[in-house]
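The values are calculated or read from the model by the stated rules, or taken from the named source; none is laboratory data. Given the structure is predicted, the values throughout are model-derived calculations rather than measurements. Don't worry about glycine lacking a Cβ; one is built from the backbone with ideal geometry, like all the others, and counts go over all protein chains shown. Keep in mind that these areas ignore ligands, DNA and RNA; they rest on the heavy atoms of the full protein, side chains included. Shrake-Rupley method; radii C 1.70, N 1.55, O 1.52, S 1.80 Å.
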Amino acid sequence: MAEERRVAVLDTPDDVASQAAIEFEVRARAAIDEHGWFAVALSGGKTPAAFHSLLASPKYADDIDWPNIHFFWADERCVPPDDERSNYKQALDALLAPLRIPEANVHRMRGELEPHAGALDYCAQLHKFFGETIRFDAIYLGLGDDGHTASLFPGNAALDERETLCVAVHAPENKVAPWRLTLTYPVLNGARSALFLVDGERKATVLARVLEGPSDVHALPAQGVSPKRGSLIWLVDNAAATQLRSRV
Ligand code: 6PG
């Protein structure tokens with residue numbers, strides 16, 4: 001069980017993005033004070049776009065100690081880094097390029113490699129940065145309509161991975177880019193904080209199942225995220241929260 005579990009219901013998708021940016025700044029400051037850097041993993045999809053742009057806006061551009069922020073990814077589509085489907089490219093355009101984040105601070109999953117080689121490469125990158133124990137300061141995640149998070153899809157063997165840090169998975173057929181690279185539960189649950197960003201009415205049913213339904217990690221992989229010595233924070237908008245029984 002996570003040490004702290006919080007579900008914040010916010011009015012609009014913009015409020016979700018604002019709260020995500022506030023959490024980023026607070027957590028970055030605390031991590032840098034404590035150990036000198038802030039290691040954060042980002043996700044792809046539509047939801048984080050506003051959050052990424054907000055971080056590059058003057059309010060945050062000027063206040064955050066960017067040279068000490070290190071960017072990683074929770075998952076990546078197996079496409080080249082200049083492909084519109086690339087999670088790295090999405091963050092590059094909205095956040096990394098506008099803020100001129102140095103290359104040494106950007107630890108991307110190499111989606112252009114053969115998927116299994118890409119996963120091995122990322123395991124090596126993680127060890128190179130963290131050493132033996134992989135402990136992210138924050139991991140930002142999304143929630144798919146089918147209950148997936150990162151690229152941990154319902155019924156996939158990656159859900160049972162207990163040792164390997166990053167694996168290649170073949171996503172269900174209707175997903176953008178069939179091959180994916182994803183961090184596994186040992187990494188997600190070793191983080192200091194995992195933050196889910198969820199908005200929109202189409203997420204209402206799955207959000208209620210994940211947060212309040214019976215536990216079934218194989219059917220709803222997002223339920224498997226619960227940092228053992230860390231925080232689990234859900235930032236959701238009103239539209240996504242309509243089917244929750246308890247609204248904290
Ligand atoms: C990806 C993801 C994925 C995403 C969810 C939610 O690369 O697609 O990282 O896990 O977070 O599918 O996506 P939306 O924000 O588009 O709903």
State yes or no: is Ala31 more than 22 Å from Phe130 (Cβ to Cβ) and either more than 12 Å from the ligand (Cβ to nearest atom) or among the hydrophobic types (A, V, I, L, M, F, W, C) (or both)?
-> no
Output the residues belonging to the range 129-188 that are within 15 Å of the ligand (Cβ to nearest atom) and at positive phi.
-> Gly147, Ala150, Ala177
The range 190-240, residues that are of a type in the set (S, T, N, Q) and either in contact (Cβ under 8 Å) with a residue 40 or more places away in the chain or within 14 Å of the ligand (Cβ to nearest atom) (or both) = Ser193, Thr205, Gln223, Ser226, Ser231, Asn238
Working carefully through the options Pro214, Pro227, Pro154, find the one that is closer than 27 Å to Ile22 by Cα and modelled with pLDDT of 95 or more.
-> Pro227
Being in contact with a helix residue (DSSP H, G or I) (Cβ under 7 Å, 6 or more places away or on another chain) and among the β-branched types (Val, Ile, Thr) is the filter; apply it to the range 41-85 and report the residue that is least open to solvent (accessible area, probe 1.4 Å).
-> Ile69
